[in-house]
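Reading through the structure tokens given below for one structure.
The values are calculated or read from the model by the stated rules, or taken from the named source; none is laboratory data. Being a predicted model, the structure only gives us computed values, none of them experimental. Cβ: placed from backbone, ideal geometry, glycine included. Neighbour counts: every protein chain shown.
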Amino acid sequence: MKQFSFFAVLVLLFAVSATAQDAPQYTQPEGGVPLLTGFVGFGTTFQPGQQQLSPTISPIVLVPFGEKWLVESELEIEGDYTHTPNQPWDHSWDKGFEYAQVDYLANKYLTVVVGRFLTPFGIYNERLHPGWVRNFQAAPYIVGLEMTDSNGGQLRGAVPIGNFLDINYAGFFSASVNNSWEGSTRAAGERVGFFFPKARLEVGTSFQRQLQDTHVNTIGADAIWQSNKLPMDVRFEYARNRFVGSGYWFEGAYRMRRIGFLKPLMRKSQTELRFEQFFAPSVMGMVGDMELPDSNAKRFFGGWSCWIRPDVRTNFSYGREFIDSGDHNVWTVGLTYRFAFPLGGGGK
Amino acid sequence: MKAKVVLSMLLTISAMGVLIAQTTTTSTAVNSKQSQASQPQSAKAWHLPKGWTADQAYKANCTRCHAEVPKLNSQQTKTIVRHMRVRANITHDEAEAILQYLNK
């Protein structure tokens, strides 16, 4: 076993040395330039007996090297100010690296990623979670049962098949890291997506296996469809873990640019709907500090977003949660500003 | 034990991947330089679905997840497109088409 690991490390070192001539050499004039991007957001949530304010700043640094390398890192700093009746404001700040990774675009079909990365499971975690992208401030229940960050390596890419299909894939291994800034669980997993470009439909399946403590599998399925005829899209994700629970969310958004009245406002607006359900396991297993309901729950949201400018989005939503501890309404108001500034130079 | 096997396999696979990639990129670099010299950088040079243009590649890949983004200069856009190619697993050719569309 040890010899096998030694051999693997040796081959990897050889491969890295073989590519040394292609190793990071910064070529600013023809390639991309380093950027500081990300978003600043401020969200408020009101529900009976509790008001919550959530300021967030998520700076992302992108540094390309040559034509094949990209170093990228996102730090997320999120505040949580909560007020309950007859109590002073309680507050805390969460800080952590969402990702800090080196990408090597080996060829058209393969990218090698090393470092800390967003776990490729489903569509929400990698693609939809940034505050300026997500339609609702509240993350779906099932995000709580998925691993969000991993430390290790992954192979990923996309392969076009004829004129009608792109297959995209990501396989990863994560080591166990016990650190509040960049913790992760030892695990391995994958996601495979089938994107039909002309139909603008992508369906995917995900799998991950936890390789520490209780070895347990999490499986998932997802889909995104964008209409060719109407300015609308629909998203869906399902996940199941035998010990933690299962659930799904379903979301639709309609851009209102075709509405015939209040045109200046409507062409910058979008309405959104989400319905989701969580099924708690019959015997509560390893919920621990996961942000999951402790009983079966369902929730719907209806919302409206307006882009004051292309980089400033405001949204309002109303939702109702049905849960054993008491059904209640949830109101949210949020504002996000997505920024992108060049670092050193800025290019042409 | 199983974790060590998985780790070793992943290490070996990634090493092989890097080696294969190195070989293929060296050989394709010559071909692509030749084709770039003889062909203009248009949608025809990329493997896009039949009848597709660069703006369709943009709409199908980018606006599926997020709204249109403010315009940046060409080198800044190149960085963002590379980031998104990795993040959203976009094919190489569609990413190139998107880059062209955004730099119009």
Exercise. Is there a residue in region B:70-85 that is farther than 24 Å from residue A:66 by Cβ and either at pLDDT 90 or above or touching a Cys at 6+ places or on another chain (Cβ under 9 Å) (or both)?
Worked result: no
For this session: Would you check if there is a residue in region B:36-53 being under 25 Å from residue A:199 (Cα atoms), charged (D, E, K, R) and at pLDDT 65 or above?
Result: yes
Problem set entry | Filter pass, residue B:77 being farther than 24 Å from residue A:343 by Cβ and either at the interface with another protein chain (Cβ under 7 Å from one of its Cβ atoms) or surrounded by 18 or more Cβ atoms within 10 Å (Cβ to Cβ) (or both) | no
Problem set entry | Among the residues listed as A:159, A:203, A:133, the single one being within 22 Å of residue A:78 (Cα to Cα), of a type in the set (Val, Ile, Thr) and surrounded by fewer than 17 Cβ atoms within 10 Å (Cβ to Cβ) | A:133
For this session: Might you let me know whether region A:196-207 holds any residue that is at pLDDT below 90 and among the aromatic types (Phe, Trp, Tyr)?
Result: no
For this session: Go through the residues of region A:236-246 one by one and say whether even a single one is part of a loop (DSSP other than H, G, I, E, B), farther than 30 Å from residue B:50 by Cβ, among the charged types (D, E, K, R) and within 13 Å of chain B (Cβ to nearest Cβ).
Result: no
Exercise. What about residue A:318, is it in a strand (DSSP E or B), more than 13 Å from residue A:45 (Cβ to Cβ) and among the hydroxyl-bearing types (Ser, Thr, Tyr)?
Worked result: no
For this session: Would you check if residue B:32 is surrounded by fewer than 18 Cβ atoms within 10 Å (Cβ to Cβ) and at pLDDT 90 or above?
Result: no
Seminar exercise, completed: Filtering region A:189-209 down to residues that are facing chain B (nearest Cβ under 10 Å) and either out of contact with any Gly (no Cβ under 8 Å at 6 or more places or on another chain) or more than 21 Å from residue A:103 (Cα to Cα) (or both) yields A:195, A:196, A:197, A:198, A:199, A:200, A:201, A:202, A:204, A:209
Seminar exercise, completed: Scanning region A:190-224 residue by residue, the ones that are in contact with a strand residue (DSSP E or B) (Cβ under 6 Å, 6 or more places away or on another chain) and at positive phi total 1
Exercise. Is it fair to say residue A:249 is in a strand (DSSP E or B), under 28 Å from residue B:50 (Cβ atoms) and either away from every other protein chain (no Cβ under 14 Å) or not acidic (Asp, Glu) (or both)?
Worked result: no
For this session: Report, by residue number, each residue of region A:85-130 that is aliphatic (A, V, I, L, M), buried (at least 20 other Cβ atoms within 10 Å of the Cβ) and farther than 12 Å from residue A:150 by Cβ.
Result: A:105, A:106, A:110, A:112, A:123, A:128
